[in-house]
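A short write-up of the structure that comes next.
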Amino acid sequence: MTWLSPLSLLWAGLLVPLVALYVLKRRRQAREVGSTLLWALALRDLRAESPFRRLLPQVALALQALALVAGAVALARPVGAGDAPAGALLAVVIDTSASMAASAAPATPGAVTRLAEAVEAVRALARGLPTGGTMTLVEAGPDAAVLTAPTRDRGALERALAAVRVRGAGADLGEAVALAAERVRGAPGGARIVVFTDAAGEGAQVLDGGRVPVEVRRVGVGGAAADNTGIVAVDVRPREGAESPDRAEIFVRLARFASRSAELYVTASVEGGGVVASRKVTISRDGRASIVMAADLPPDAAGRGALVRVSLSRSGRAVDAGAEDALALDDRVVVPGPGARRLPVFLVGPTPEPVERALRADPGVELFATSLAALAREASAEPLDGLVVYTGETPAQAPPGDSLVLAPTGAAVFGAPLGPEVQRPRLVRWEEGDPRLRFVALGEVRVAAARTVRGGLPALIAADVGAVAAVQQRPAGETTILAFDPSRSDWPARASFVVFLRNVVERARSRRAAGGVAPGRCGEPLRIPAAEGATVEVETPGGAALRAVARGGLALVPVGAEAGVYGVRVGERRTFALRNLLDERESDVRPRARFERGSAGGVVRAVAQREATAELWPYLVGGLLLLLVLEALWATRAGAT
């Protein structure tokens, strides 16, 4: 059994003045009388030094005390587990998407978030488990996960609840309910699944618990508590035609999800520095606003681009948006600036003349000719901070960072097998949506000979014989494989060839500006390139220290939903990683999801909107009325004084 309003038990404190009425002596008034012969007992009371008298057992006092206790307990609204029989299993699903970090006043210290409200409700359910009942916890984040096996151990449940954190954008409640249904399969009768969510997802969500009933309990319900304005997109680009090479433009897009308009300030500052630009914007209810701010963003002493922090506020200061803004997670975004002035590009092997000529024409590129052995020595001392272009022979393993492979001669490229050379292949398809092929058309390109890229890699350019260009994605970088010699084609004679190389260079430049660690959304783990067995230390934006050991050239560091700059240290090398929300769906924290019924085995189970509990206060109120009637009858009985 648990209580829906435990503070109401304070009404039982009225027992103190009730008992005091029975033990305090009455105050006498002085009067002149002719004789005190018959007042001996009253005189003894007046001569007593204590104002209290001995408490005598009385029926009226007992009835009145019971009435007060029954009233206080009834106001506290005790509840039981409803129709759950002894030994029933309760599976609890907790939504940990970014919107669960919302609260009615995020700028107020100690404000209760939706996730904290859900966790407290789960604790109440745990206290109300029936005799022999057990509970299992399932987290509904980007991926569903079981937090505890079925247990009745309050300590284990409390430890699991204390570790629940907002994990990031998106939550697949359907997958989490399906996982919970597997855990309760074969459980005793009376098992059920309870889902705690703010229902801030999009569209209809099917919650299929099979033959186990599913109940949905919403948290964070409220009108103004769901008003929010968030930063949904930020981009920083060099300003074309500017006299200063450091002049940049900051593009910001806002989205407001509220019933009224608002005036807000958008402030841009350099991380570790001061404010460089600010704009006031009026955004209508359920509206969008786009602004552009110009600022000087010179690179740091190491040649890296500045980190730009964009903040949303109500007063022009770089603080939280304050009241009337439910989610603080989308009020700050940190993105890399335009990057270093020149990107180092390492040419390994006999680079085709058209490729070298196009790279030399790029003012933002600095070329270095090297060999495989020299490059391996440089990479072992310090990770390369640029783009590597291999022609012909390649090493067995790809170094951290981005690379471009041209006309490979080996049997494989970084583990991806290559097919035999095919004469005069015909290009039939290319991925126009890929950033490397942006503004690139290959319909009229003729290739003398090419090899095919196998191993299931995503095809970038496909010929009638298979993929002749592919992309190899790795957490520590990416490799673009061009399995033919561009100089043995007519592609270099077209402008699209230069555009393709520029796109590849810009992707490497963006990764360099982002600290060498791929940026991601809030809650995504950090994937940090490091040598095998190396210890990686991470400092979160909130100042917490994390540590991980690299395996397979990569350290995977789980982090919570915290936007900003994560300081990274690998040995003596220091870098950083960026995490931002930038998700319009998660910024809309209003309840929008529709929960539909699931079916299994021909049985349809309705989805309830709140927990089915059995409240006991009606019985207590009935007992209270009965006690009051008995007390009245006792006070008016014949012979009562």
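The values are calculated or read from the model by the stated rules, or taken from the named source; none is laboratory data. Keep in mind the model is a prediction, meaning the values are calculated, not measured. All Cβ positions, even for glycine, are placed from backbone atoms using ideal geometry, and neighbour counts span all protein chains on display. We work out accessible area using only protein heavy atoms, side chains counted, and drop any ligands, DNA or RNA first. Shrake-Rupley method; radii C 1.70, N 1.55, O 1.52, S 1.80 Å.
Looking at GLN397, is it assigned to a strand (DSSP E or B), under 24 Å from VAL345 (Cβ atoms), at pLDDT below 90 and open to solvent by 30 Å² or more (accessible area, probe 1.4 Å)?
no
Is it true that ASP325 is crowded, with 20+ Cβ neighbours inside 10 Å, under 25 Å from ALA233 (Cβ atoms) and touching a helix residue (DSSP H, G or I) at 6+ places or on another chain (Cβ under 6 Å)?
So ASP325 fails the test.
So, of the residues in segment 130-151 that are touching a helix residue (DSSP H, G or I) at 6+ places or on another chain (Cβ under 9 Å) and part of a loop (DSSP other than H, G, I, E, B), which turns out to be surrounded by the fewest Cβ atoms within 10 Å (Cβ to Cβ)?
ASP143
Count, please, the residues in segment 546-595 that happen to be loosely packed, with under 15 Cβ neighbours inside 10 Å and over 19 Å from the mean Cα position of the chain (by Cα).
So the answer is 9.
Select, from VAL445, VAL405, VAL428, VAL440, the only residue that is touching a residue at least 40 places away in the same chain (Cβ under 8 Å), closer than 19 Å to PHE497 by Cα, part of a strand (DSSP E or B) and of a type outside the set (Gly, Ala, Ser).
Only one candidate passes the filter, namely VAL405.
With in a helix (DSSP H, G or I) and buried (at least 20 other Cβ atoms within 10 Å of the Cβ) as the only criterion, which of VAL177, VAL195 stands out?
After ruling out the rest, the residue left standing is VAL177.
Got a sec? Which helices (runs of 4 or more DSSP H) wholly within segment 16-128 have at least 1 residues that are modelled with pLDDT of 70 or more and over 28 Å from ALA200 (Cβ atoms)?
59-75
Would you pick out the residues in segment 503-533 that are farther than 30 Å from THR96 by Cα and either touching a His at 6+ places or on another chain (Cβ under 7 Å) or surrounded by fewer than 20 Cβ atoms within 10 Å (Cβ to Cβ) (or both)?
ASN503, GLU506, ARG507, SER510, ALA531, GLU532, GLY533 - these are the residues of segment 503-533 that are farther than 30 Å from THR96 by Cα and either touching a His at 6+ places or on another chain (Cβ under 7 Å) or surrounded by fewer than 20 Cβ atoms within 10 Å (Cβ to Cβ) (or both).
Please enumerate the residues belonging to segment 153-199 that are closer than 16 Å to LEU89 by Cα, among the charged types (D, E, K, R) and without any contact (Cβ under 8 Å) to a residue 12 or more places away in the chain.
ASP153, GLU182
Restricted to segment 229-245, and to residues that are at pLDDT below 80 and under 19 Å from PRO336 (Cα atoms), which residue is most open to solvent (accessible area, probe 1.4 Å)?
Applying the filter and picking the extreme gives GLU240.
Residue by residue through segment 499-519, note down the ones that are modelled with pLDDT of 90 or more and more than 22 Å from ARG451 (Cα to Cα).
VAL499, ARG502, ASN503, VAL505
Given GLY210, GLY186, GLY170, which one is at positive phi, open to solvent by 30 Å² or more (accessible area, probe 1.4 Å) and part of a loop (DSSP other than H, G, I, E, B)?
GLY186
Could you list all residues from segment 452-475 that are over 25 Å from ARG507 (Cα atoms) and of a type outside the set (A, V, I, L, M, F, W, C)?
If the condition is that a residue be over 25 Å from ARG507 (Cα atoms) and of a type outside the set (A, V, I, L, M, F, W, C), then ASP464, GLY466 are the ones that fit.
If GLU532 satisfies all but one of (1) over 24 Å from the mean Cα position of the chain (by Cα); (2) within 30 Å of PRO492 (Cα to Cα), what's the number of the condition it fails?
(2)
Is it fair to say GLU240 is free of Cβ contacts under 8 Å to residues at least 60 places away in the same chain, in a loop (DSSP other than H, G, I, E, B) and closer than 28 Å to VAL334 by Cβ?
Judged against the criteria, GLU240 is a match.
Please find, within segment 117-126, the residue that is surrounded by the most Cβ atoms within 10 Å (Cβ to Cβ) out of those that are in contact (Cβ under 8 Å) with a residue 60 or more places away in the chain and within 12 Å of LEU90 (Cα to Cα).
Top of the filtered list is VAL122.
Tell me, yes or no, whether segment 404-418 has at least one residue that is in contact with a strand residue (DSSP E or B) (Cβ under 6 Å, 6 or more places away or on another chain) and among the β-branched types (Val, Ile, Thr).
Within segment 404-418 (the criterion being in contact with a strand residue (DSSP E or B) (Cβ under 6 Å, 6 or more places away or on another chain) and among the β-branched types (Val, Ile, Thr)), the answer is yes, since at least one residue qualifies.
Condition check ((1) modelled with pLDDT under 90; (2) among the basic types (Lys, Arg)) across all residues:
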position: ARG154; (1), (2): yes, yes
position: LEU161; (1), (2): no, no
position: VAL164; (1), (2): no, no
position: ALA169; (1), (2): yes, no
position: ARG183; (1), (2): yes, yes
position: PRO188; (1), (2): yes, no
position: PHE196; (1), (2): no, no
position: GLN205; (1), (2): yes, no
position: GLY210; (1), (2): yes, no
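Out of the residues in segment 269-283 that are under 27 Å from the mean Cα position of the chain (by Cα) and open to solvent by 50 Å² or more (accessible area, probe 1.4 Å), state the one that is modelled with the lowest pLDDT.
So, considering only residues that are under 27 Å from the mean Cα position of the chain (by Cα) and open to solvent by 50 Å² or more (accessible area, probe 1.4 Å), the one modelled with the lowest pLDDT is GLY272.
Give the residue, chosen from ARG237, ARG192, ARG217, that is closer than 21 Å to THR134 by Cβ, over 24 Å from the mean Cα position of the chain (by Cα) and not polar (S, T, N, Q).
ARG192
Mind checking which pairs have a first residue in segment 460-473 that is farther than 16 Å from VAL440 by Cβ and in contact (Cβ under 8 Å) with a residue 12 or more places away in the chain and a second that is of a type in the set (D, E, K, R) and surrounded by 19 or more Cβ atoms within 10 Å (Cβ to Cβ), Cβ under 8 Å, 6 or more apart or different chains?
Pairs that qualify, where the first residue is farther than 16 Å from VAL440 by Cβ and in contact (Cβ under 8 Å) with a residue 12 or more places away in the chain and the partner is of a type in the set (D, E, K, R) and surrounded by 19 or more Cβ atoms within 10 Å (Cβ to Cβ), are GLN472/GLU478.
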